Structure formats: C-alpha cells, structure tokens
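Worksheet: one structure, shown below.
The values are calculated or read from the model by the stated rules, or taken from the named source; none is laboratory data. What you see is a predicted model; the values in this text were computed from it and never measured. No Cβ is skipped: glycine too gets one built from the backbone with ideal geometry, and neighbour counts run over all protein chains shown. For accessibility, only protein heavy atoms count, side chains too; no ligands or nucleic acids. Shrake-Rupley method; radii C 1.70, N 1.55, O 1.52, S 1.80 Å.
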Amino acid sequence: QVLLVESGGGLVQAGGSLRLSCAASGRTFGRSAMGWFRQPPGKEREFVAAISWSGRGTYYADSVKGRFTISRDNAMDTVYLQMNSLKPEDTALYYCAAVESRTVVTDIGGYDYWGQGTQVTVSS
C-alpha cells in the first residue's frame, strides 16, 4: 500500500515556474515507478511525465518536453515535477501515481495508487 500526497500547486502567470512535490508513504516507494498526470477542466486525465524506480529512466509527454522535469529522492520518499515556462494550457489538476515496477510506466491504467491532486492555474 502506498499513500501519496501532492503539494506545490497554485496560481502563476504564464512564463512562470512551479515545483510540485509528491510525498509517499509505504514500504514499496523505492521499488515503485512514479508518474505525474493532469486533468484540465472538462477534459480527460492525461499523462505528463514518468520516472523509473531508480530515477535513471524518465519519459515526458510531447506537450511538456523541454519545460518540465521529473525527479525523485528515494531517501525522502518524494517525487518532484519542476514546471518551467508555464502556459495557460498547463492549467489542470495534477496527480501523482505509483506502481511497483522497475521500468517507466506511461499508461494511466498501469498505476495502482493515486494522490488526491493539486491544482495548477496559469494565467495569461
């Protein structure tokens, strides 16, 4: 069992930056692949970024590549999403997710555990 709690969301102007954090509790964090997903208003939840259990493997959605960076600190049981050059279309509820896996997982259906989400709003 893994409990995930996101933080760091907020209101920012276009071009600004935010760093999201996802604190995990549970024995399997160090063996878990982690992902960030987002759900824009009125739309389906979509993949943003994912990281392998070791941190050596990462994968990004095309829409955020070059602007967002996913990382993890296994000693702190935390995964981060650094978001730079934010755009209004990045506005969404951002979720982190976990699954016990050695490899990167990008499929929303591949995750077993989800946080409650943190809101990111980017004004133009």
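Scanning segment 26-46 for residues that are charged (D, E, K, R) and exposed (fewer than 14 other Cβ atoms within 10 Å of the Cβ), we see that the one that is modelled with the lowest pLDDT is ARG27.
Filtering segment 20-42 to residues that are over 16 Å from MET76 (Cα atoms) and either in contact (Cβ under 8 Å) with a residue 12 or more places away in the chain or touching a strand residue (DSSP E or B) at 6+ places or on another chain (Cβ under 8 Å) (or both) leaves GLY35, TRP36, PHE37, ARG38, GLN39, PRO40, PRO41.
For segment 47-72, taking the residues that are assigned to a loop (DSSP other than H, G, I, E, B) and among the charged types (D, E, K, R), the one that is least open to solvent (accessible area, probe 1.4 Å) is identified as ARG67.
SER54: among the small types (Gly, Ala, Ser) and under 11 Å from SER32 (Cα atoms), yes or no? The answer is yes for SER54. Applying a threshold of 7 Å to beta carbon distances and a minimum spacing of six or more residues, or different chains, the list of pairs starting in segment 47-65 at a residue that is closer than 15 Å to VAL99 by Cα and touching a residue at least 24 places away in the same chain (Cβ under 8 Å) and ending at one that is surrounded by 18 or more Cβ atoms within 10 Å (Cβ to Cβ) and among the acidic types (Asp, Glu) is empty.
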